[in-house]
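Only the coordinates and a few stated rules stand behind these numbers; no lab work does. Everything quoted here is computed from the prediction, not taken from an experiment. Glycine gets a Cβ as well: all are built from the backbone with ideal geometry, and neighbour counts include every protein chain shown.
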Amino acid sequence: MSSLLAARIVQYLAEEKPPIGTHVPTQDLADRFAVSRSPVNEALKLLSKKGLVAHQPNKGYFTSALAPETPEDLGLALEDNLSATYFRIAEDRLSGRLDDQVSETWLRQTYGVTRSQLGQLLARMAQEGWAMRRPGYGWKFSAILTTPEALEQTYRLRMAIEPAALLEPTFQLNRDVAEQCRATEKWFLSGGIETASADTLYERGVRFHETLAEASRNPFFLEALRRVNRVRRLLAYRSMLNRQRYYGQAREHLRILDLLMRERNEEAADAMARHLRSVVRNLKKIKPLLKG
């Protein structure tokens, strides 16, 4: 567990590119990866031995002078058997092989995992919003998209709200936040698109679009987008078997950021609308893939 989590932290640092000496908050990482602080501390301890972070007694962990590398360069793997089980459950849910309500005993027996492993899997599903604990007993799966047509409908909704969010009179995108988004897109263009795990690639897109919706300072835009992102997650994973389209998406993200930083919001809104329309066109091309 600590090795896999360490790999995901390495990838996160490579995306964010924090300055040397930046504090790496344990609780923030625990929240991000839906685990407790204990495995995060074990993962950071492992990374400190590899020189990626430095531990300061009574202060925590800080990014070191060593630039973030790929997990593979540090001898860490991004996928393990537990991740494979996660995507097996996701695929079974998409394909209708999982009932809306299940017991933990049934899940352990069906997928051959221990109580501890199932706890990690369920924590991740709950954090991602497609499973929730039932009062008293068992788990319930949330509503998700299961057809390409439904996924396309979510993008049509996004075409209505996301460009509008950029035109809100209260819109204000922090420059540091914009630079973090820019660094992430450039990292993906430099090779991350091919090496990132499916969930990391999905989260990158979610963070970009939700960051811009949040910058509108209108909470209703952000809430609507978050709801859409929760229900489309699993079908989006399936679409990532073909990753070439993400290169164009990353370049379009950078174009939108450039326009916003120059306060050309109307042009940015037009670019956002074109970007989402291009995604819909690409989805039509991979429709057989989405059907599984």
(message) Expected output is a single nm value to one decimal: the length gained when fully extending between A84 and K140, i.e. 0.36 nm times separation in residues minus the C-alpha distance. What is it?
(response) 18.1 nm
(message) Could you compute the longest span of the chain free of trypsin sites (Lys or Arg not before Pro) located in DSSP loops and having at most 16 other Cβ atoms within 10 Å, not counting the site residues?
(response) 98-216
(message) Full-extension gain between S3 and E266, please, as 0.36 nm times their residue separation minus the C-alpha to C-alpha distance.
(response) 90.1 nm
(request) Starting from the Cα of K49, step 7 Å along the direction of its Cβ; do the same at L167; then give the gap between the two resulting points in nm. (result) 5.7
(message) Using only DSSP helix segments of four residues or longer, with each worth -39500 (n - 2.57), what per-residue ellipticity at 222 nm results for the chain after dividing by its residue count and rounding to 500?
(response) -20500 deg cm²/dmol
(message) Only sites in a loop by DSSP and with at most 12 other Cβ atoms within 10 Å count here; which GluC sites (Glu not before Pro) in segment 193-292 make the cut?
(response) E263
(request) Treat each spin label as a single point 7 Å out from the Cα along the C-beta direction, and report the R37 to E104 distance in nm. (result) 2.3
(message) Testing the spin-label approximation: label points 7 Å from Cα along Cα→Cβ at K59 and T195. State their distance in nm.
(response) 3.0
(request) On a C-alpha basis, how far is the centre of segment 167-227 from the centre of segment 90-148 in Å? Whole number, if you could? (result) 27
(request) Please work out how much length the chain gains when fully extended from K284 to D258, using 0.36 nm per residue of separation minus the C-alpha to C-alpha distance, in nm with one decimal. (result) 6.5 nm
(request) Can you check what the net charge comes to around R133, using other residues whose Cβ is under 13 Å from the Cβ of R133 (Lys, Arg +1; Asp, Glu -1)? (result) +1
